[in-house]
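The block underneath contains the structure these notes are about, expressed in structure tokens.
The values are calculated or read from the model by the stated rules, or taken from the named source; none is laboratory data. Given the structure is predicted, the values throughout are model-derived calculations rather than measurements. Note that we place each Cβ from the backbone using ideal geometry, even for glycine, and neighbour counts take in every protein chain shown.
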Amino acid sequence: MPIAIAFDSGGNAAAEPWIKAAKPTYPCLVDRRHICAELYDMVNVPTAVWIDERGKIVRPSEPAGVSDAFRKMNRTNFAIPADAMSELQAKRKAYQDALRDWVAKGSKSRFALGEPEVLRRMHTPDDVQVRAAANFRLGEYLFENGHAEEARKYFEEADRLRPESWNYKRQAWALEDPMKAGGPEFWAAVDSLGEGKYYPGAEDI
Amino acid sequence: MAIDIIYGERVATGVDADARDGELWLCAGDLKQVSGWEYKPQGFCKGDVCVPVPDARKSKFVAEGRDGVRYNLAALANLLGQPVVTDAEFGAWCFGEAAAERKRMLTSLDAPDFSLPDLDGRMHSLSEYRGKKVFVVSWASW
């Protein structure tokens with residue numbers, strides 16, 4: 001069962017057009033407060049976690065079928081060069097194939113990881129990172145109650161404490177201006193990664 | 001004074017609390033309602049879990065207030081390793097989850113449960129899907 005979760009502090013107003021357009025046959029939930037992101041330590045979208053029939057995590061949070069090839073996009077007309085497009089499509093297909101393999105074979109799938117491997121790959125937040133989450137939460141609370149300007153201070157502090165969270169960064173930008181999350185600030189932040197990955201993917205897919 | 005308290009997924013508005021110098025003093029009823037914690041002879045308790053209060057620093061946690069005994073939720077948070085972020089202007093206090101608790105939950109490999117609404121406001125919990133494989137995937141409009 002897929003469960004799609006929108007990390008959108010803008011609530012239904014932000015998420016609804018996309019969900020309606022997708023005509024989903026599975027639950028599409030709206031997570032204004034990024035609760036699921038905190039519970040599973042997700043720092044970007046799309047991030048996925050695989051959970052088996054017993055409610056056990058068999059793949060911890062990881063980028064879901066995406067790759068850094070999007071960085072080759074033309075930033076004016078959003079065109080993606082052919083080689084980058086092939087890479088993106090191949091990554092998506094490999095991920096979907098892995099997911100189907102797990103659905104068919106369950107724990108016998110090589111993509112359903114054993115406990116030691118899940119624990120090895122899993123990241124858990126430290127004291128600074130949970131402080132970032134509390135700042136984001138207070139910012140979201142102030143925003144939800146009509147204090148957008150005052151909320152910014154807390155969003156900025158969350159970003160300062162956990163700069164690797166694209167969720168904090170881009171959500172805050174989007175609340176200022178929906179275009180900002182994909183605008184010059186976004187690309188400058190992506191460029192500042194240098195050789196670092198925007199989507200640090202799994203080794204086996 | 002009236003304080004808004006965000007405590008994990010709980011939100012309580014207009015709580016009658018004494019806030020000063022990084023301390024937040026609540027009466028027993030509000031302490032339980034806001035945080036789920038209660039003060040007992042063995043310390044602060046929630047469900048089966050009790051956290052003893054260091055004797056030497058007891059006055060930092062429990063004190064006689066203007067209208068009976070009050071409890072310092074900020075000191076308890078500090079003891080539990082929870083982050084606390086406050087906005088004095090709005091009288092808002094946000095208590096996050098401790099890193100150790102997040103780690104305990106995740107490394108148990110039991111998928112943490114959540115309840116979130118769909119577009120119609122109907123709540124869905126992860127635990128409803130026990131017995132099926134679940135693929136939880138995030139996205140965003142931004």
Checking A:Lys153 against (1) within 11 Å of chain B (Cβ to nearest Cβ); (2) assigned to a helix (DSSP H, G or I); (3) surrounded by fewer than 20 Cβ atoms within 10 Å (Cβ to Cβ); (4) touching a residue at least 24 places away in the same chain (Cβ under 8 Å), the condition it does not meet
(4)
Is it true that some residue in region A:72-91 is outside any helix (DSSP H, G or I), modelled with pLDDT of 95 or more, crowded, with 20+ Cβ neighbours inside 10 Å and more than 8 Å from chain B (Cβ to nearest Cβ)?
no
Regarding region A:136-147, can at least one residue be identified that is acidic (Asp, Glu), touching a helix residue (DSSP H, G or I) at 6+ places or on another chain (Cβ under 9 Å) and surrounded by 15 or more Cβ atoms within 10 Å (Cβ to Cβ)?
yes
Residue count for region B:91-124, restricted to those that are surrounded by fewer than 13 Cβ atoms within 10 Å (Cβ to Cβ) and assigned to a strand (DSSP E or B):
1
Of B:Ser138, B:Ser127, the only residue that is at the interface with another protein chain (Cβ under 9 Å from one of its Cβ atoms), part of a strand (DSSP E or B) and not β-branched (Val, Ile, Thr) is B:Ser138
Taking into account only those residues within region A:162-205 that are closer than 18 Å to A:Phe78 by Cα and of a type in the set (A, V, I, L, M), which is surrounded by the most Cβ atoms within 10 Å (Cβ to Cβ)?
A:Ala181
Taking region A:1-47 on its own, how many of its residues are touching a Ser or Thr at 6+ places or on another chain (Cβ under 6 Å), without any contact (Cβ under 8 Å) to a residue 24 or more places away in the chain and among the small types (Gly, Ala, Ser)?
1
